[in-house]
Every structure is written in structure tokens, then in C-alpha cells.
1. Need one number: nm distance between label points at Lys28 and His40, each 7 Å from Cα along Cα→Cβ, rounded to one decimal.
2. Report the Rg/Rh value for the chain, based on alpha-carbon coordinates and the Kirkwood definition of Rh.
3. Would you work out what percent of the accessible area of the chain, with all protein chains in place, is carbon or sulfur (probe 1.4 Å)?
4. For region 53-67, just list the computed ³J(HN,Hα) in residue order, Karplus coefficients 6.51, -1.76 and 1.60, θ = phi - 60°, integers in Hz, with x standing in for Gly and Pro.
5. Can you compute 3J(HN,Hα) from phi for each residue in region 14-29, using the Karplus curve 6.51 cos²θ - 1.76 cosθ + 1.60 with θ = phi - 60°, rounded to whole Hz and x for Gly and Pro?
6. In the chain, with Lys and Arg counted as +1 and Asp and Glu as -1 at Cβ, which of these residues, Tyr22, Val57, Ser32, has the Cα nearest the positive end of the dipole, that is, farthest along it?
7. If each residue of separation counts as 0.36 nm, what is the full-extension length gain between Met51 and Ser67 once their alpha-carbon separation is subtracted?
8. Taking only protein heavy atoms and a 1.4 Å probe, what accessible area per residue, in Å², does the chain have with all protein chains in place?
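The values are calculated or read from the model by the stated rules, or taken from the named source; none is laboratory data. Computed from a predicted structure; not experimentally measured. No Cβ is skipped: glycine too gets one built from the backbone with ideal geometry, and neighbour counts run over all protein chains shown. To get the accessible areas, we keep the full protein, side chains included, count just its heavy atoms, and leave off ligands, DNA and RNA. Shrake-Rupley method; radii C 1.70, N 1.55, O 1.52, S 1.80 Å.
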Amino acid sequence: REIWRELMGKISVTWKKSTIGYSHRQRKIIESLGLRKLNHTVEHEDTPSIMGMIKKVNHLIEVKELS
């Protein structure tokens, strides 16, 4: 299990655009990513579940790969 964590990269996710006018489901995804307010940034492991959430709200966020 520890070896798998070393292989996964880290990504930085920043909330850039308001969810006003978008579906409630997209707001819940933003909350699930741990984002609290606009311009808030969080770090996550590069896992398939996180990448799936990012794909659903990519128009609202900015993603950077960390080394």
C-alpha cells in the first residue's frame, strides 16, 4: 500500500469560478474536493476518484501538478 502512494503524484486544486447558475451536483463535488470558498487551494493525491471529480467540474477549477 505504501508503494502505491509513492507512485501517485500530488495535484493542487484551486476553485476559480462560482457555482451560481450550475447544478447542485457540481456544488457538492466542489465541497467533496475540500474547497470552501473562491480561490481556496487544496492538495490531493492523483487517484482515479479525484480525477473523476475534477473532470466533472474542470470549468470551475484550476489544477496544477506538484512535483
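1. Between Lys28 and His40, the simple spin-label model gives 1.8 nm.
2. Numbers: Rg = 12.3 Å, Rh = 12.3 Å.
Checking Rg against Rh, the ratio lands at 1.00.
3. Ligands and nucleic acids excluded, carbon and sulfur give 51 percent.
4. Running phi through 6.51 cos²θ - 1.76 cosθ + 1.60 with θ = phi - 60° gives 5, 4, 4, 6, 10, 4, 7, 10, 10, 10, 10, 10, 8, 9, 9 Hz.
5. Along region 14-29, the couplings run 10, 7, 10, 9, 4, 8, 4, x, 10, 5, 4, 4, 5, 4, 5, 5 Hz.
6. Result: Tyr22.
7. 4.1 nm
8. On the way: 5030 Å² over 67 residues.
Result: 75 Å² of accessible area for each residue.
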